[in-house]
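Here is the structure we will look at, set down as structure tokens.
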Amino acid sequence: MKSQPEVRVRIAPSPSGYVHVGTARTAIFNYMFARHYGGKFLVRIENTDEERSDPSFIDAILSAMKWLGLEWDEDIIYQADRCDLYRKYVDELVKSGHGYPCFCTPEVLAADREKAKAEKGDMRYNRRCLNLSADEIAVRKTAGEPFVVRLRIPEGECRFDDLVSGELSRSSNDIEDFIVARSDGSATYNLAVVVDDHLMGITHVIRGNDHITNTFKQIHLYRALGFEVPQFGHVPMILRTDKKKVSKRLGDKDVLQYRNEGILPEAMFNYLCLLGWSPKTDREIYSVDELIAMFTPDNFNPSNAVFDEEKLIAFNQEYIAGKSDHDLAVMVAPLLVEAGLTTKYWLETRWDYLRRVIGALKLRARKIVDFVELSSYFFTSDFKYDPEAAAKQFTPENKPLLDALADRFESLESFTAASIEQCLAALAEGKGLKRGKLIHPTRLAVSGRTAGPSLYEMLEILSQPIVVERLRRASAQIDLTNNP
RNA sequence: GACCCCAUCGUCCAGUGGCCUAGGACGGCGCCCUUUCACGGCGCAAACACGGGUUCGACUCCCGUUGGGGUCACCA
């Protein structure tokens with residue numbers, strides 16, 4: 001049996017912005033690919049552009065990765081630390097003749113492009129400096145004329161077998177002699193990427209298909225440098241509902257924003273996996289381990305996908321339903337404190353109460369933050385009655401019913417859902433009323449709302465004294481409204 | 001504009017020449033359950049972009065058209 005080299009993949013974000021779902025999804029694909037084949041998942045921060053890079057974005061990127069559970073394997077590589085390394089390879093390129101100096105100034109190049117555009121001609125670099133004599137180069141260099149280094153693209157066609165789309169090719173006529181080193185000697189993106197991917201031993205480059213044009217340039221670089229070319233897989237883009245590329249300008253969310261809004265990382269992970277890749281089954285909810293076990297590149301889908309937040313939320317609901325009351329309580333507790341509904345101390349001493357509240361509300365929450373809004377009346381009596389419902393339920397006819405219920409509840413020996421139901425049913429029957437006639441005003445009296453968990457369960461959790469008190473308060477409210 | 005990629009319900013995915021009167025999920029609609037809201041159950045509407053081939057037979061293969069996306073920086 002031939003021994004396979006270890007699979008090594010990486011995610012290479014640049015800290016020039018936030019982490020959108022596309023970057024997250026690419027990271028997830030790389031992570032799963034590595035784990036499936038027992039390989040390594042690496043992180044490289046592409047922070048060579050000082051102008052745009054902001055260290056705070058690095059933290060945000062790493063936080064997002066940790067949140068999603070994407071543990072990377074070796075030390076993080078920072079490109080800014082490796083500039084000297086890249087220069088060495090630029091020199092090598094010039095020595096071997098694959099690279100050549102170009103003295104064209106940005107102004108000249110811009111003018112060339114303008115002209116080409118106006119004449120609807122070729123926008124590529126016109127190779128003005130390709131065949132300068134050694135003498136001329138020497139003279140202009142000693143004169144201090146600034147220059148960049150370009151890669152000479154050989155004639156022919158560049159092709160490779162993509163993991164996602166199969167064979168891809170591009171004629172050299174469509175690739176310009178791109179710049180590999182700027183006039184200050186620093187390396188550009190494509191050069192740095194190729195050098196790092198080679199030095200890091202990357203075997204598979206899985207990235208968005210917006211990189212396809214870069215890939216052709218990079219393959220030329222691999223060949224010029226004499227490096228082995230890795231396998232490439234260009235996964236489809238994730239698009240906005242309007243089919244445009246995601247962008248912060250258009251209000252697309254940072255991955256961490258979803259976390260703050262109460263999306264569970266496992267829901268995000270699971271949902272994102274199904275964008276551009278499919279287990280090819282009728283099931284959609286899978287654990288990370290199951291996904292890793294099934295994750296092979298032949299299940300990639302080549303077409304772009306629209307990100308549907310509603311479906312993400314549906315996944316989230318599913319994951320919330322599957323979590324224990326305790327685990328949910330751990331997540332909800334700080335939010336309740338933050339909202340000013342209770343204190344850390346109060347919750348710590350009444351953890352069981354919180355758990356029961358969560359249990360009663362679990363199937364009604366779409367996001368973790370929903371629990372705050374859904375549960376407020378369990379933590380404070382300071383709530384408003386739904387005006388429309390109050391007009392309908394808090395009537396003079398209903399007042400004696402609330403009073404009677406309050407009295408009966410107060411004298412109840414044990415205050416459980418079963419005894420509450422029995423008590424309420426008995427009162428309804430005694431008055432010759434349907435239960436709903438009692439249930440609706442009661443729900444409004446104790447919660448201020450028309451919707452919520454099962455009434456009996458809700459009253460039991462709230463506890464006898466609170467329920468009696470709120471019923472009496474509502475009764476008083478009826479007097480106030482009718483005899484101001 | 002040039003080059004590249006893509007093309008099944010509104011959206012995400014199945015479908016790899018006959019099993020398709022095209023399947024699942026989200027969303028929508030309806031019914032059931034029910035004290036409400038959810039959950040759950042059942043059902044309905046909803047798609048193979050178009051035109052040519054290839055073939056006994058195309059959603060599936062080939063070509064073209066159209067449409068969408070991406071890339072065309074001394075950014076990454």
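Taken over region A:226-273, the criterion of being among the β-branched types (Val, Ile, Thr) and in contact with a Gly (Cβ under 6 Å, 6 or more places away or on another chain) is satisfied by A:Val235, A:Ile238, A:Val246. Among the residues of region A:254-266, are any within 16 Å of RNA strand B (Cβ to nearest atom), out of contact with any helix residue (DSSP H, G or I) (no Cβ under 6 Å at 6 or more places or on another chain), of a type in the set (Gly, Ala, Ser) and outside any helix (DSSP H, G or I)? Yes, some residue in region A:254-266 is within 16 Å of RNA strand B (Cβ to nearest atom), out of contact with any helix residue (DSSP H, G or I) (no Cβ under 6 Å at 6 or more places or on another chain), of a type in the set (Gly, Ala, Ser) and outside any helix (DSSP H, G or I). Scanning region A:134-152 for residues that are among the aliphatic types (A, V, I, L, M) and either away from RNA strand B (no atom under 13 Å from the Cβ) or within 14 Å of A:Phe103 (Cβ to Cβ) (or both) gives A:Ala134, A:Ile137, A:Ala138, A:Val139, A:Ala143, A:Val148, A:Val149. In the set (1) under 21 Å from the mean Cα position of the chain (by Cα); (2) under 20 Å from A:Asp174 (Cα atoms); (3) surrounded by 15 or more Cβ atoms within 10 Å (Cβ to Cβ), the condition left unmet by A:Asp210 is number (3).
Can A:Asn270 be described as within 16 Å of RNA strand B (Cβ to nearest atom), in contact with a Pro (Cβ under 8 Å, 6 or more places away or on another chain) and either of a type in the set (Asp, Glu) or modelled with pLDDT of 95 or more (or both)? In short, no.
Residues in region A:65-76 include at least one that is closer than 16 Å to A:Thr203 by Cα and touching a Lys or Arg at 6+ places or on another chain (Cβ under 6 Å). When A:Asn47 is tested against the conditions (1) without any contact (Cβ under 8 Å) to a residue 24 or more places away in the chain; (2) touching a helix residue (DSSP H, G or I) at 6+ places or on another chain (Cβ under 6 Å), the lone failure is (1). In region A:291-312, is there at least one residue being closer than 22 Å to A:Val332 by Cβ and modelled with pLDDT of 95 or more? Within region A:291-312, one or more residues are closer than 22 Å to A:Val332 by Cβ and modelled with pLDDT of 95 or more.
Beta carbons closer than 9 Å, at least 6 apart along the sequence or on distinct chains, pair a first residue in region A:99-127 that is free of Cβ contacts under 8 Å to residues at least 60 places away in the same chain and charged (D, E, K, R) with a second that is in a strand (DSSP E or B) and surrounded by 12 or more Cβ atoms within 10 Å (Cβ to Cβ) for A:Arg127/A:Cys102; A:Arg127/A:Arg150.
Scanning region A:21-52 for residues that are surrounded by fewer than 19 Cβ atoms within 10 Å (Cβ to Cβ) and modelled with pLDDT under 95 turns up A:Asp49, A:Glu50, A:Glu51, A:Arg52.
When A:Ala64 is tested against (1) closer than 18 Å to A:Met294 by Cβ; (2) in contact (Cβ under 8 Å) with a residue 60 or more places away in the chain; (3) small (Gly, Ala, Ser); (4) buried (at least 22 other Cβ atoms within 10 Å of the Cβ), just one condition goes unmet, and that condition is (1). When we screen A:Asp382, A:Asp407 for residues that are within 45 Å of the chain's Cα centre (by Cα) and more than 15 Å from RNA strand B (Cβ to nearest atom), the only hit is A:Asp382. A:Phe57 fulfils the conditions (1) crowded, with 16+ Cβ neighbours inside 10 Å; (2) under 33 Å from the mean Cα position of the chain (by Cα); (3) within 16 Å of RNA strand B (Cβ to nearest atom); (4) modelled with pLDDT of 95 or more except for a single criterion, (4).
Conditions tested, residue by residue: (1) of a type outside the set (A, V, I, L, M); (2) near RNA strand B (Cβ under 8 Å from one of its atoms).
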{"position": "A:Asp177", "(1), (2)": "yes, no"}
{"position": "A:Asn190", "(1), (2)": "yes, yes"}
{"position": "A:Asp197", "(1), (2)": "yes, no"}
{"position": "A:Ile202", "(1), (2)": "no, no"}
{"position": "A:Leu221", "(1), (2)": "no, no"}
{"position": "A:Gln231", "(1), (2)": "yes, no"}
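Is at least one residue of region A:283-301 within 11 Å of RNA strand B (Cβ to nearest atom), in a loop (DSSP other than H, G, I, E, B) and touching a residue at least 60 places away in the same chain (Cβ under 8 Å)? Looking through region A:283-301, at least one residue is within 11 Å of RNA strand B (Cβ to nearest atom), in a loop (DSSP other than H, G, I, E, B) and touching a residue at least 60 places away in the same chain (Cβ under 8 Å). Taking the conditions (1) over 30 Å from A:Asp135 (Cβ atoms); (2) over 38 Å from the mean Cα position of the chain (by Cα) in turn, A:Leu93 satisfies each one other than (1). If you go through region A:457-484 and keep only what is under 48 Å from the mean Cα position of the chain (by Cα), modelled with pLDDT under 95 and hydrophobic (A, V, I, L, M, F, W, C), you end up with nothing. Across region A:453-474, the number of residues qualifying as surrounded by 20 or more Cβ atoms within 10 Å (Cβ to Cβ) and part of a loop (DSSP other than H, G, I, E, B) comes to 1. Residues in region A:435-452 that are outside any helix (DSSP H, G or I) and within 6 Å of RNA strand B (Cβ to nearest atom): A:Thr450, A:Ala451, A:Gly452. Of all the residues in region A:366-422, those that are part of a helix (DSSP H, G or I), of a type in the set (Ser, Thr, Tyr) and under 15 Å from A:Gly452 (Cβ atoms) number 3. Once region A:1-18 is narrowed to residues that are part of a loop (DSSP other than H, G, I, E, B) and modelled with pLDDT of 90 or more, the residue that is farthest from RNA strand B (Cβ to nearest atom) is A:Glu6.
Assessment of region A:242-251 against the conditions (of a type in the set (Lys, Arg), surrounded by fewer than 18 Cβ atoms within 10 Å (Cβ to Cβ) and closer than 30 Å to A:Pro154 by Cβ) yields no matching residue.
The values are calculated or read from the model by the stated rules, or taken from the named source; none is laboratory data. Being a predicted model, the structure only gives us computed values, none of them experimental. Virtual Cβ from ideal backbone geometry, glycine too; neighbours counted across all protein chains shown.
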